[in-house]
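Report on the following structure.
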Amino acid sequence: MSQAATGQVRWTIADVDLLAADEWKHYEIIDGELFVTRAPHWGHQDTIGNVYAELRTWSQSTGRGRAVPTPGIIFTETDSVIPDVVWISTERLTVLLDEAGHLTGAPELVVEVLSLGTTNERRDKEAKLKLYSIQGVQEYWIVNWQLPQVEVYRRENAQLVRVATLLVGDEITSPLLPDFCCPIERFFA
């Protein structure tokens, strides 16, 4: 751990590597701040599976890229996260995947499914939105399995901006995924 001039501790990926392994916890670092989360609610995990299945099916039919649940992304020594689902083009994957099996840069699409609790929600809607925007993610979906709804953010003028809030009865499409069209309710089935 390094200590900034302000006295604030800044965590790095090397620090996290020293923590005891625990299959029930995820460790993420955003701007040097450590976030520890426990295994999420069943509804959260079920929603991840549904989103992943839709993106995977489209990816397999088109051959344009890969959808992956809970990959590690190491942007920098002080920015390392585990998003719920990503989609990455074949071209980017060959460049960004390191020998340890982690992405070392931004996939085109990141999906976060909100976990229970105000702190978890703020992390996805504020800290991760900012991080993904800075790092060059092209599109970001924040999926709320409790409401149910999906907030869609797309890159405009070098930052992620919310362009839609989709509800059951709506369909989600993306300029990144030609001909991908999915009724929102499939994410929550």
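The values are calculated or read from the model by the stated rules, or taken from the named source; none is laboratory data. If you're wondering where the values come from, they're calculated on a predicted model, not measured in any experiment. In this analysis, Cβ positions are derived from the backbone assuming ideal geometry, glycine residues included, and neighbour counts consider all displayed protein chains. Remember, those area values only see protein heavy atoms, side chains included, never the ligands or the DNA or RNA. Shrake-Rupley method; radii C 1.70, N 1.55, O 1.52, S 1.80 Å.
Along each principal axis of its Cα atoms, how long is the chain end to end? Whole angstroms, biggest number first, please.
49, 36, 35
What are the ³J(HN,Hα) couplings of the range 105-119, residue after residue, when phi is run through the Karplus curve with 6.51, -1.76, 1.60 and θ = phi - 60°? Round to Hz, x for glycine and proline.
With coefficients 6.51, -1.76 and 1.60, one gets x, 7, x, 5, 10, 10, 10, 10, 9, 4, 8, 5, x, 4, 4 Hz.
Mind ranking 157-168, 82-93, 109-120, 60-71 by how tightly packed they are, going by the mean number of other C-beta atoms within 10 angstrom, highest first?
Output ranking for 157-168, 82-93, 109-120, 60-71: 82-93, 109-120, 60-71, 157-168.
Compute the acute angle (0 to 90°) between the alpha-carbon long axis of helix 42-62 and the principal axis of greatest extent of the alpha-carbon atoms of the chain; round to the nearest 10°.
60
May I ask you to give the percent of accessible area on the chain that is carbon plus sulfur, with a probe radius of 1.4 Å?
Here carbon and sulfur together make up 50 percent of the probe-accessible area.
Check the straight Cα-Cα distances from LYS125 and name the aspartates and glutamates below 19 Å, setting aside those fewer than 8 residues away within the same chain.
Qualifying aspartates and glutamates at Cα under 19 Å: GLU28, ASP31, GLU33, ASP79, ASP84, GLU108, GLU112, GLU139, GLU151, GLU156.
Evaluate 2.2 N^0.38 Å with N set to the residue count of the range 66-168, then give the Cα radius of gyration divided by it.
Its radius of gyration relative to the 2.2 N^0.38 Å reference: 1.04.
What accessible area per residue comes out for the range 69-161, rounded to a whole number of Å², with a 1.4 Å probe?
That works out to 43 Å² for each residue.
Roughly what would the spin-label model give for GLU91 and LEU18, points 7 Å off Cα along C-beta, in nm?
That separation, rounded to one decimal, is 4.2 nm.
Modelled label-to-label distance, ARG186 and GLU156, 7 Å Cα→beta-carbon offset: nm?
Distance between label points: 2.7 nm.
What's the center-to-center distance, using Cα atoms, between the range 103-149 and the range 156-189 in Å?
The range 103-149 and the range 156-189 have Cα centres separated by 14 Å.
For a quick protection proxy, order the peptides 139-145, 175-181 by their average other-Cβ count within 10 Å, most packed first.
Averaged packing, sorted descending, gives the order 139-145, 175-181.
What number results when the radius of gyration of the range 1-105, computed over Cα atoms, is divided by 2.2 N^0.38 Å?
1.23
Which whole-number value in Å³ per residue fits the convex hull of the alpha carbons of the range 47-121?
Taking the convex hull of the Cα positions in the range 47-121, it is 88 Å³ per residue.
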